[in-house]
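What follows is a single structure, written as C-alpha cells, with notes after it.
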Amino acid sequence: MTVTEAVRAFQSTHPEVTVEVLRTGWEDQVRVLHDGRADVSYLRRPFDRTGLEVVPLFVEQRVVMLPAAHPLAGCDSVELGDFRHEHLLQDPAAVPEWAAVGEELRQRRPAAARPSRTVEEKLEMVAVGSGIAVLPLSTARFYRRPDVAYVPVRDLEPSEVCLAWEGSRSTPLIADFVAACAVPLS
C-alpha cells in the first residue's frame, strides 16, 4: 500500500486528524521518529531499530542505475560485482553489500565526492557517467529518464519496506494508522 492510500484509509476513519506527509531520505528516515517530527515513518532497511516498533510491509527488487550508453545497460540482469570499478553515488551503508565488492572501499580510496542526497541528484550524476546508484525498482520506475537505464541486480537481497514508530509513543492513533496499512500489529 502506498503512503497516499494509507493516509486516505486513515482519514476516512479519523476525519478530525490532520495528516502531514513529510518526505525523508535514507539518512533521516529514523531521525524524524526519534526527534518527534513524525509519529510513523515508512523505512527502508537497513536502519537502526533501537527504540522502535517495526512492522514489515513489503519487499521489492533492487536495481542498478546506469547511463543509458553503459555496456551493461541492456542486460536482463547483472551482479553487483560487475560494477566493482565504478563509483557508488550514495552512502555505502545504504548498500551494505558494496563493502565486499566496491574497490573504492576495499582500497580505502577517498570518495570522489560526497554521496548524492536525493534521487534526482543521483540520476543526474549517473546520466553524466559519474557513477552508479542502487535503488528500489519502484523508485527507478517513478524517476524514469531516457538517459538512464536500470537493470535488476540478481545477487542483492530485495529492499524491505517497514512501518515504524517510537515504541515509547505507541498510541491508539498510531495503531489505527498501522491498521489502515492493512498490517496486523503483533
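The values are calculated or read from the model by the stated rules, or taken from the named source; none is laboratory data. Small disclaimer: the values here were computed from a predicted structure and weren't measured. Note that each Cβ is placed from the backbone with ideal geometry, even for glycine, and that neighbours are counted across all protein chains shown. Side chains are part of the model used for accessible areas, which takes the heavy atoms of the whole protein and leaves out ligands, DNA and RNA. Shrake-Rupley method; radii C 1.70, N 1.55, O 1.52, S 1.80 Å.
Residues T118, T2, T139 ordered from highest to lowest accessible area at a 1.4 Å probe: T2, T118, T139.
If we count every other residue with Cβ under 14 angstrom of I174's Cβ, Lys/Arg +1 and Asp/Glu -1, where does the sum land?
Working: positive: R169; negative: D39, E53, E166, D176.
For residues surrounding I174, the net value is -3.
Once backbone amide H atoms are built at 1.01 Å from N, V148 has A68 as its partners under 5 Å, excluding neighbours fewer than 5 places away on the same chain. By a 1.4 Å probe calculation restricted to protein chains, D39 has an accessible surface near 100 Å², given to the nearest 10.
Rolled with a 1.4 Å probe across the full set of protein chains, the surface gives V128 an accessible area near 100 Å². Taking 0.36 nm per residue of sequence separation and removing the Cα-Cα distance, the D35/E97 pair yields an extension gain of 19.4 nm.
Does the range 146-186 come out rounded, prolate or oblate, given a ≥ b ≥ c as the square roots of the eigenvalues of its C-alpha gyration tensor, rounded meaning a/c under 1.5 and, failing that, prolate meaning a/b above b/c? Don't skip to the end; give the middle numbers.
Values: a/c = 3.28, a/b = 2.72, b/c = 1.20.
Because a/c hits 1.5 or more and a/b exceeds b/c, the range 146-186 counts as prolate.
Note that the range 1-68 presents 59 Å² accessible area per residue, ligands and nucleic acids not counted, probe 1.4 Å. In the chain the Cα-Cα distances spread across 10 Å bins starting at 0 as 9, 33, 31, 19, 8, 0 percent of all pairs. At full extension, R169 and T13 could sit 54.1 nm farther apart than now, given 0.36 nm per residue minus the alpha carbon distance.
V59 contributes an accessible area of around 90 Å² to the protein surface, as traced by a 1.4 Å probe with all chains present.
The string of couplings for the range 59-75 from the Karplus curve (6.51, -1.76, 1.60, θ = phi - 60°) is 10, 8, 4, 9, 10, 9, 9, 10, x, 4, 8, 4, x, 9, 5, x, 6 Hz, one whole number per residue in order, with x for Gly and Pro.
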